[in-house]
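As structure tokens, the structure follows; a few thoughts come after it.
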Amino acid sequence: MKKVDAEWNVYRTRFLVKAKQLTQPCSFVDFLGREHHGREGDYLVESTDGTQRIAPREIFEDIYVVMGSCESSETKWSPPEKPEVEVEPPSRRLLSRRAMVV
């Protein structure tokens with residue numbers, strides 16, 4: 001795999017990933033034997049489980065929003081903890097209406 005000179009950034013959609021925008025074409029074979037090919041401008045994406053893939057620029061930039069940068073590709077990182085949210089139980093009136101509909 002060729003070295004990618006860009007800096008790692010953290011991106012978020014539903015899942016947190018690290019990604020680098022490719023400055024030159026890149027190809028590699030992952031641990032499952034799948035070939036990945038990217039063009040300049042595409043993104044090398046690393047999931048929290050360490051798997052890597054190439055995402056086309058048009059798709060990546062439409063889906064992901066940058067959250068910040070990482071110090072290096074060796075940085076240990078994990079998704080932030082979910083904040084605790086208090087959920088009020090539904091009212092008795094709402095429960096009785098649902099029971100009538102069923």
Of Gly41, Gly33, the only residue that is in contact (Cβ under 8 Å) with a residue 12 or more places away in the chain and either more than 19 Å from Cys70 (Cβ to Cβ) or not small (Gly, Ala, Ser) (or both) is Gly41
The residue from Glu86, Glu74 that alone is charged (D, E, K, R), at pLDDT below 55 and surrounded by fewer than 13 Cβ atoms within 10 Å (Cβ to Cβ) is Glu74
Checking Gly41, Gly50, Gly33 in turn, the sole residue that is at pLDDT 95 or above, assigned to a loop (DSSP other than H, G, I, E, B) and among the small types (Gly, Ala, Ser) turns out to be Gly41
Filtering the range 60-71 down to residues that are under 19 Å from Val4 (Cα atoms) and under 11 Å from the mean Cα position of the chain (by Cα) yields Phe60, Val66
Original post:
at pLDDT 95 or above, assigned to a loop (DSSP other than H, G, I, E, B) and farther than 18 Å from Ile59 by Cβ - does that describe any residue in the range 20-27?
Top reply: yes
Flagged in the range 26-59 as exposed (fewer than 12 other Cβ atoms within 10 Å of the Cβ), over 15 Å from the mean Cα position of the chain (by Cα) and small (Gly, Ala, Ser), in numbering order, are Ser27, Gly33
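The values are calculated or read from the model by the stated rules, or taken from the named source; none is laboratory data. Being a predicted model, the structure only gives us computed values, none of them experimental. Note: ideal-geometry Cβ built from the backbone for every residue, glycine included; neighbour counts use all protein chains shown.
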